[in-house]
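Taking it in order: structure first as structure tokens, then the write-up.
The values are calculated or read from the model by the stated rules, or taken from the named source; none is laboratory data. Keep in mind that what you see is a predicted model, and the values were worked out from it rather than measured. No Cβ is skipped: glycine too gets one built from the backbone with ideal geometry, and neighbour counts run over all protein chains shown. Quick note on the areas: whole protein, heavy atoms, side chains included, nothing else; ligands and nucleic acids left out. Shrake-Rupley method; radii C 1.70, N 1.55, O 1.52, S 1.80 Å.
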Amino acid sequence: MSAPKPVTEADLHAYIDGFLDTEETLRIEQFLSENPDFAAMLADWQNDSAALRAAFADKAVSRPEDTSLVARAGKPIPNNRRRLPAIAASILLTFAAGALAGHFGPRLWTAPQIELSYSEILPQESKNAFLVYASEVRHPVEVFAAEETHLATWLGKRLAIDKLTVPDLKSLGFKLVGGRLLPVDGRAGAMFMYEDGTGQRITVLVGRNADNRNTSFRFASADKLETFYWIDNDLGYAVTGEISRDFLRRIAEECYRQFPS
Amino acid sequence: MLALLPALRRYSRSLTRSDTEGEDLLQDCVEKVLVNGAQWRGGSFKSWTYRIMTNLHLNSRRAQRRHPTVPIEIAETTAEPEMTADPLESRRLMAALDTIAPEFRTVLMLIVVEGHSYQEVAELLEIPLGTVMSRLSRARNSLREKLRQENVIQLRRPR
């Protein structure tokens, strides 16, 4: 029998981590029985390793949003997350410009057409809301669909709409994710978010309209985003999504049908 | 990909300081994996996803070192009572982990928590086997050292 192989530190790690065969294991155990200091060190390492495994054991779980995480990855929308500061800045600018125009406009210029009209602001706000919120995986809305009644009452109250309807788009394959309160042209507005089976999202924006003018369906398109919008008396509506114009139009028409006139 | 998410979620959490940071890392990783799917050159797909997550994490830690920020949620992160039976113990463990440099922490987690072999880690991180062993050793020893220090409780009597 040849002289015993020297025990290296790598052997000790491999022993702890269970990468040694029976023969090697016996060799290390023999070594440890003769070297209590090393045995104590290994016992510590072993305890630490067990504590680490225990600490993270319950983290290896599936979550409900996993499907949409995978389905949505690689599409352009999630990338917008990285552009969030830019988008936030552009929203701020929009508001700042609106506020400044609203504040100084009447005094500086007698001609009020310098202000952006509501029908110009509405699709812009809808697009921004979509860009900011639709890419949120975990917090896309404030109130989730499970509390749909509360959502409708709450937002209805904030927008001073007697009976705010949350459109039902199931017939078109989109189910409600939820909604949130957000500023539209500087006033309280509502956003509803919907999602289809692949995690593709669309948003529906409702805002108070100061112009008080009716419009027919209008259409705006920027990058790959399509927006349909219309103004119905004192409320403005906009539907935004990264889907075909034809399909978005069907969604917009469905919303129009369901929103009270 | 979907089947890998639980393990990747555990790995992302074991590298970061909070659930929030972990989920962000996971999301970035999934994004990258699916966008770069065409660049996968055979071998274990799982290892490839681990490599992407490791690189994303190391890159972001490097960026953080250049532009240090204190995460808002850091105050809540140290207290995670659900992790082990003893909340104090788990807080101590997490605090000790956060002192280990990311290069060592990744190796420790890949081996101890994720169960990769030394050879797999060497291939995954594209470093020599000897470097894997020395990083593992550094990580184990500094974790132990940190925990030992933390274990000393000084009692003082008011005079």
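Restricting the search to region A:179-206, which residues are in contact with a Ser or Thr (Cβ under 6 Å, 6 or more places away or on another chain) and in a strand (DSSP E or B)?
Listed by number, the residues that qualify are A:M191, A:M193, A:T203, A:L205.
Scan region A:152-211 residue by residue and report those that are touching a helix residue (DSSP H, G or I) at 6+ places or on another chain (Cβ under 8 Å) and basic (K, R).
Within region A:152-211, A:K163, A:K175, A:R180, A:R201, A:R208 qualify.
I'm checking my understanding of the structure. Among residues of region B:131-152 that are under 26 Å from B:S44 (Cβ atoms) and open to solvent by less than 50 Å² (accessible area, probe 1.4 Å), which one is farthest from the other protein chains (Cβ to nearest Cβ)?
Among those residues, the one meeting the criterion is B:T131.
Looking at (1) open to solvent by 50 Å² or more (accessible area, probe 1.4 Å); (2) modelled with pLDDT of 90 or more; (3) of a type outside the set (K, R), find the lone condition where A:N35 falls short.
Among (1) open to solvent by 50 Å² or more (accessible area, probe 1.4 Å); (2) modelled with pLDDT of 90 or more; (3) of a type outside the set (K, R), A:N35 violates only (1).
Here's a check for you: in region B:1-20, which residue that is open to solvent by less than 10 Å² (accessible area, probe 1.4 Å) and without any contact (Cβ under 8 Å) to a residue 24 or more places away in the chain is nearest to B:L108 (Cα to Cα)?
B:R13
Return yes or no: is A:T149 among the polar types (S, T, N, Q), assigned to a loop (DSSP other than H, G, I, E, B) and surrounded by fewer than 16 Cβ atoms within 10 Å (Cβ to Cβ)?
no
Identify, please: which residue in region B:101-118 is touching a residue at least 40 places away in the same chain (Cβ under 8 Å) and closer than 11 Å to A:S49 by Cα and is, among those, nearest to the other protein chains (Cβ to nearest Cβ)?
B:V113
A:K163 fails exactly one of the following numbered conditions: (1) surrounded by 13 or more Cβ atoms within 10 Å (Cβ to Cβ); (2) more than 25 Å from A:I243 (Cα to Cα). What is the number of that condition?
Condition (1) is where A:K163 drops out.
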